[in-house]
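Have a look at the structure below before the remarks.
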Amino acid sequence: MKHYSLFAAMLLLMLTGCNRQGERMLNALEEQGVGMIIDNHGERTTYGLPGVQDLLHLTADEPERLKGAVVADKRVGKAAACLLIEGGVKRVNTPVVSTPARLMLEAAGIPLYAREEVPLMMNMDGTDLCPMEKKLLDAKTPEQCAAILRGATIEGFQMLDMLNEQGLSLLVFNNGELTTHANRGVQDLLLLISEQPERLQGAVVADKIIGKAAAAIMAFGGVKEVHTNIICTPAKQLFEAQGIPVFATEEVPMILNRDKSSMCPIDTQIADIESIEECVEKLENLKM
């Protein structure tokens, strides 16, 4: 019992100290009239752009400012929480946090001090949900939330879940219509390019595994967003060069053949071809 009491006392002292630090940062936040303060090893910076604009900038362009930092944020909803997690902050302090944000921070192991918790973050006049909170209602993970904030659709993540659950290889969503495909390799993509090119133009696509061949066909077909379990680096670079957002669970140097002994034979055929048009032409002439 003595050991437990000592541990409990030390824990209470530690938590009290953290709460005092949190209150000091929140007081500074209010006194300075800013939206966010970041304290990283004693170096403090303040930010004041609306919503999560500052966090989007920091996670993309100055991630070192967030890594290991103690943060005070005016309001922490699900959008702010996912970006703070992505940034690797050490602790979060806020006057008000939403329940989904608190749960997300707790799951990530990030200590939180909040004066008030609300079920969901409302907009500034209190008439509806905060637009960001509404946008992320169905997002399951911090990674999904962050991707949606950067332009991904929730439909893309739901499609990838469906693909995995039903053992499919390709899903295409366009103009409110979802089509499913189950052939191996790039057969379905080549068929779409040949017979229904309008299905790919502006589509959201979920594909089980994406190598350079699949990426070239999708880019040639004009898809607008891609989700996948696994993507190889050349495929990701191809999408980036074409300005097509791609969200992958895992990135690998190359897609391997079935016995894992060398590169996928389809990708091997176009490995040295840079033009997506030439890639597709080469693929269409192959016997598969």
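The values are calculated or read from the model by the stated rules, or taken from the named source; none is laboratory data. Small disclaimer: the values here were computed from a predicted structure and weren't measured. For neighbour counting, all protein chains shown are included, and Cβ atoms are generated from backbone atoms with ideal geometry for every residue, glycine included.
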Taking the stated definitions as given, is Leu15 aliphatic (A, V, I, L, M), modelled with pLDDT under 90 and part of a helix (DSSP H, G or I)? yes
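How many residues are assigned to a helix (DSSP H, G or I) and either without any contact (Cβ under 8 Å) to a residue 60 or more places away in the chain or under 29 Å from the mean Cα position of the chain (by Cα) (or both) when one looks only at the stretch 250-278?
Summing the residues that are assigned to a helix (DSSP H, G or I) and either without any contact (Cβ under 8 Å) to a residue 60 or more places away in the chain or under 29 Å from the mean Cα position of the chain (by Cα) (or both) in the stretch 250-278 gives 8.
Out of contact with any Leu (no Cβ under 9 Å at 6 or more places or on another chain), modelled with pLDDT of 95 or more and in the same structural domain as Leu178 (by TED's automatic domain parsing), is that true of Gly221? Show your work before the answer.
Working: out of contact with any Leu (no Cβ under 9 Å at 6 or more places or on another chain): no; modelled with pLDDT of 95 or more: yes; in the same structural domain as Leu178 (by TED's automatic domain parsing): yes.
No; evaluated as a whole, the condition is false for this residue.
Would you check if Lys208 is out of contact with any Ser or Thr (no Cβ under 8 Å at 6 or more places or on another chain) and either within 25 Å of Phe173 (Cβ to Cβ) or not polar (S, T, N, Q) (or both)?
Numbers: out of contact with any Ser or Thr (no Cβ under 8 Å at 6 or more places or on another chain): no; either within 25 Å of Phe173 (Cβ to Cβ) or not polar (S, T, N, Q) (or both): yes.
So Lys208 does not fit the description; no.
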If a residue must be in a helix (DSSP H, G or I) and either among the small types (Gly, Ala, Ser) or surrounded by fewer than 22 Cβ atoms within 10 Å (Cβ to Cβ) (or both), how many such residues does the stretch 228-238 contain? 5
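Take the conditions surrounded by fewer than 23 Cβ atoms within 10 Å (Cβ to Cβ) and under 20 Å from Gly151 (Cβ atoms) and apply them to Leu103. Does it pass? Give the steps one after another, and end with the answer.
Numbers: surrounded by fewer than 23 Cβ atoms within 10 Å (Cβ to Cβ): yes; under 20 Å from Gly151 (Cβ atoms): no.
Against the criterion (surrounded by fewer than 23 Cβ atoms within 10 Å (Cβ to Cβ) and under 20 Å from Gly151 (Cβ atoms)), Leu103 does not qualify.
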Read through the list (1) free of Cβ contacts under 8 Å to residues at least 40 places away in the same chain; (2) of a type in the set (D, E, K, R); (3) in contact with a strand residue (DSSP E or B) (Cβ under 7 Å, 6 or more places away or on another chain), then give the number of the only condition that Lys208 fails. (1)
With respect to Pro111, is the statement that it is in contact with a strand residue (DSSP E or B) (Cβ under 6 Å, 6 or more places away or on another chain) and either more than 17 Å from Val34 (Cβ to Cβ) or among the aromatic types (Phe, Trp, Tyr) (or both) true? yes
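Condition (residue is in the same structural domain as Arg115 (by TED's automatic domain parsing), of a type outside the set (D, E, K, R), surrounded by 12 or more Cβ atoms within 10 Å (Cβ to Cβ) and touching a Ser or Thr at 6+ places or on another chain (Cβ under 8 Å)) applied to the stretch 38-46: is it met by at least one residue?
Applying the first criterion (in the same structural domain as Arg115 (by TED's automatic domain parsing)) to the stretch 38-46 yields 38-46.
Checking the rest, the ones that are also of a type outside the set (D, E, K, R) come to 38, 40-42, 45-46.
If we keep only those that are surrounded by 12 or more Cβ atoms within 10 Å (Cβ to Cβ) as well, we get 38, 40, 45-46.
Of the ones still in play, those that are also touching a Ser or Thr at 6+ places or on another chain (Cβ under 8 Å) are 38.
The answer is yes; a qualifying residue exists.
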